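Taking it in order: structure first as C-alpha cells, then the write-up.
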Amino acid sequence: MSDFDYLEWGTGLQYQTALPWLSFLLYYQQGHSRSEENNWLIERKPSLNINTSAIFHHFKISNQIRYEYRFTPDWNDYRIKNTLEISRPDIFLQPYMGWELFYENRNKDFMLHRIKVGIVKNISENVYLGTYYRIDFSNVNDEWQWKKQLIGIQLSLKYE
C-alpha cells in the first residue's frame, strides 16, 4: 500500500470443450509499471492457456498452463506460467489459495514463485469482486529470495 507502482488488466475468450474439466483461453493482458524515473511503462502479454479443473470433497482444484509472449520496452520473449489454485466456490465468501511458477525463456530458468490467498464474492450474475494477499519469491543468482508482498483487489466480469 505504500508504493502504487503496478496495474494490470486483461481480456480473453474461453472455449469450454465437451469435457467439463478442460477449456482453452485466448487472453490479452497489459501490465503498467512505474519506472524509477516515474514514467509508466507498458508490457503487452498475449497468451494461450490450457485450463483444467476438478471438484474433490467440495474443493475445486484448478490448474492453468499459460504460454505467453511478452513485449516490453527493452526486450521481447516468451515465458510459461503454471498456476495451481484450490478454492471453495460453494460458500458465501469464496476463499482460495494459489501457487504460480514462472519459467522465463530469456533466463532459461524458473525465475518467480508466487503464493496467493484471497476471497472472492459473486456480487451479481456476471460480476466477481475480491481481495488477495500475495508473496513473491524471485530467483536471484540461483538463490530464491523474498522479493515483495502486496495486497490486491480483483474485479472480474464473466459472461457465458
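Only the coordinates and a few stated rules stand behind these numbers; no lab work does. What you are looking at is a predicted structure, and each value in this text was computed from that prediction instead of being measured. Virtual Cβ from ideal backbone geometry, glycine too; neighbours counted across all protein chains shown.
Summary table below
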{"quantity": "Taking 52, 83 and counting other C-beta atoms within 10 Å, the order from fewest to most", "calculated": "52, 83"}
{"quantity": "For region 6-16, 3J(HN,Hα) per residue [Karplus equation, 6.51 cos²θ - 1.76 cosθ + 1.60, θ = phi - 60°, Hz, x = Gly/Pro]", "calculated": "8, 8, 9, 8, x, 9, x, 10, 10, 10, 8"}
{"quantity": "Residue among 96, 15, 28 with the largest mean-square fluctuation in a Gaussian network model of the chain, springs linking Cα atoms under 10 Å", "calculated": "15"}
{"quantity": "Residue of 95, 73, 46 that the Gaussian network model of the chain assigns the largest fluctuation, springs spanning Cα pairs under 10 Å", "calculated": "73"}
{"quantity": "Modelled FRET efficiency - R0 25 Å, residue 22 with residue 126, Cβ distances, 0.05 increments", "calculated": "0.65"}
{"quantity": "Max mean-square fluctuation residue, GNM over the chain, Cα-Cα springs under 10 Å, options 57, 32, 113", "calculated": "57"}
{"quantity": "Segment residue 11-residue 40, extension gain: residue separation times 0.36 nm, minus the distance between their alpha carbons", "calculated": "8.4 nm"}
{"quantity": "Net charge, residue 59 excluded, C-beta distance under 14 Å - Lys, Arg +1, Asp, Glu -1", "calculated": "0"}
{"quantity": "DSSP-loop GluC sites (Glu not before Pro) across region 1-95, with at most 15 other Cβ within 10 angstrom", "calculated": "36, 37"}
